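Read through the structure below, which is laid out as structure tokens, and then see the notes.
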Amino acid sequence: MSVADAGHGLGRRLVPKTASYLDWNATAPLRPEAAAAIAEALDGWGNPSSVHRRGRAARRLVEGAREPVAALLGDVDPSGVIFVSGGTEANHLALLGAGCDRVLVSAVEHDSIRAAVPSAEIIPVDADGIVLLDALDRLLSSGPHPALVSVMYANNETGVVQPVAEVAAIARRHGALFHCDAVQAAGKVALDARKVGADLVTLSAHKIGGPAGVGALVVTGTTDLTPQLRGGGQEHRRRAGTENLLGIVAFAAAAAVAADEIAVYDKVVALRDELEAGVAAAAPEAVVLGASVDRLPNTSAIAMPGVTAETQVVALDLDGVMVSAGAACSSGKVGPSHVLAAMQVDPKIAGSTIRVSLGWSSNEADIAHFLQAWTALYRRCAGLAEGARAA
Ligand code: PLP
């Protein structure tokens with residue numbers, strides 16, 4: 001997708017038309033439907049807690065937004081949707097608000113999970129980044145209860161999908177709650193939270209075409225939560241603070257389109273596979289992490305051995321191709337990826353791995369652009385290496 005096609009306002013002026021945005025796991029462009037919902041709600045401003053007509057009108061907008069957001073997770077009661085400020089807050093509310101003595105998280109969770117409970121017990125993963133179910137079972141067999149298990153649906157750096165239904169079954173057998181961070185999976189693959197057996201699910205608007213700064217923790221059953229932000233009684237006393245009305249209506253609009261258009265990812269996966277085939281043809285020593293297991297249709301973690309990820313990101317950007325070195329959502333973060341370290345990826349490979357992530361408007365031109373820029377960089381670097389050996 002050329003950024004000009006996807007962006008609104010600022011993006012159009014700041015980014016040249018020929019640029020290719022391949023960093024959708026960091027954030028996605030605002031969908032036109034979300035922008036339209038914001039524009040419409042500008043008129044309906046009001047505090048949803050106010051009893052007068054303006055307040056009641058705003059309340060209707062908030063309540064109406066729960067259904068499309070819940071529908072992203074299949075047949076889930078919309079009253080379980082708690083609107084929060086994003087995936088980070090939803091993860092904190094789940095892990096800290098469930099009130100469990102023990103918290104167990106996979107070794108490849110997003111930083112917002114790891115930082116929420118630094119003392120959490122770690123569930124190890126295999127070389128593809130998939131949680132070791134036996135290890136989870138063993139951990140839950142020992143030690144005190146009640147426990148909460150948090151395992152993401154799909155990883156933000158590699159796209160690797162976890163066996164979440166099995167994780168949920170093990171958690172249930174041990175009387176533990178199961179929280180699933182579905183920030184990256186939502187809108188890219190069809191989700192069914194009840195079939196999976198997740199008690200709590202995290203969603204974030206800006207990964208599906210809504211604005212950043214709004215998200216939801218969805219309670220699929222009867223789990224009680226202690227609010228982590230206290231003050232007013234908003235969100236059924238589970239999250240204080242005046243509701244982000246514009247963000248919430250835009251989130252709902254984006255969720256509705258994302259659910260409707262999920263089939264677009266059949267095309268996205270074909271583009272992603274074409275990109276990976278092009279990389280393999282140009283550089284046989286390139287490595288695609290998690291390539292042999294179930295992955296999101298849009299994500300590719302690609303190592304160009306011998307060239308640091310930071311060098312690649314900068315060089316590709318100079319050529320108009322935007323990708324990231326691992327989890328780019330923590331601004332400016334440079335350093336070894338805990339995800340790749342947990343997978344025991346050779347540090348040299350890990351240090352040369354970039355994340356390429358596609359979205360609903362990615363197209364053939366983006367793939368060609370990436371392959372041209374990536375291959376040129378590879379040849380330059382391989383040439384330098386040859387030269388150094390010869391010298
Ligand atoms: N969880 C995962 C898997 C993510 O990839 C991200 C952001 O990249 C988050 C949580 C945090 O979401 P937010 O940016 O809405 O706080």
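Every read-out reported here was derived from the displayed coordinates using simple, explicitly stated rules and does not represent laboratory data. In this text, all values refer to a predicted model and were calculated from it rather than measured experimentally. Every residue, glycine as well, gets a Cβ built from its backbone with ideal geometry; the counts of neighbours run over all protein chains shown.
Details
- Folded to 0 to 90 degrees: helix 364-390 orientation relative to the chain principal axis, Cα: 50
- Hydrodynamic estimate: the Kirkwood radius of segment 113-268 over Cα pairs, inserted into Stokes-Einstein at 37 °C and 0.692 mPa s, corresponds to D of 193 µm²/s.
- Scanning residues 5 or more positions from Ala212 or on other chains, none has an amide H under 5 Å from its amide H, with H placed 1.01 Å from N in the peptide plane.
- Among Ser150, Ala127, His110 - extreme Cα towards positive end, dipole of segment 107-179, charges at beta-carbon: Ser150
- Cα centroid separation, segment 107-127 to segment 184-241 (Å): 19
- Principal-axis analysis of the Cα atoms of the chain puts helix 309-318 at an angle of about 90° to the longest axis.
- On Cα atoms only, tilt of 245-260 relative to the major axis of the chain in degrees: 60
- Here the sum of -39500 (n - 2.57) over DSSP H runs of 4 or more residues, divided by the residues of the chain, equals -12500 deg cm²/dmol at 222 nm, to the nearest 500.
- Calculated over the chain: convex hull of Cα atoms, volume per residue (Å³): 132
- The HN-Hα couplings worked out from phi for segment 168-174 by the Karplus form 6.51 cos²θ - 1.76 cosθ + 1.60 (θ = phi - 60°) are 4, 5, 5, 4, 4, 4, 9 Hz, whole numbers, x standing for Gly and Pro.
- Translational diffusion of segment 226-334, estimated by Stokes-Einstein from the Kirkwood radius over alpha carbon pairs at 10 °C in a medium of 1.306 mPa s, is 89 µm² per second.
- Cα-based Rg / Dmax (Å) for segment 16-83: 16.2, 50
- Taking other C-beta atoms within 10 Å as the exposure proxy, Phe370, Phe251 rank Phe370, Phe251 from fewest upward.
- Charges were assigned to the Cβ only: +1 to each Lys and Arg, -1 to each Asp and Glu. The resulting dipole of the chain about its Cα centre is roughly 1020 debye.
- Neighbours of Leu133, meaning other residues whose beta-carbon lies under 12 angstrom from its beta-carbon, give a summed charge of -2 when Lys and Arg score +1 and Asp and Glu score -1.
- Dipole-positive endmost among Thr242, Leu203, Ala309 within the chain (Cβ charges, Cα centre): Thr242
- For the chain, the share of DSSP beta bridges that are antiparallel, to the nearest 5, is 60%.
- Positive end of the dipole of the chain (Cβ unit charges, origin at the Cα centre): among Pro32, Trp45, Gln162, the Cα lying farthest that way belongs to Trp45.
- Close amide H partners of Val321, meaning residues 5 or more places away or on another chain with modelled amide H under 5 Å apart, are Ser20.
- Per-selection Kirkwood Rh - segment 52-152 (Cα, Å, 1 d.p.): 15.8
- For Ala185, distant residues with modelled amide H under 5 Å away: Ala154
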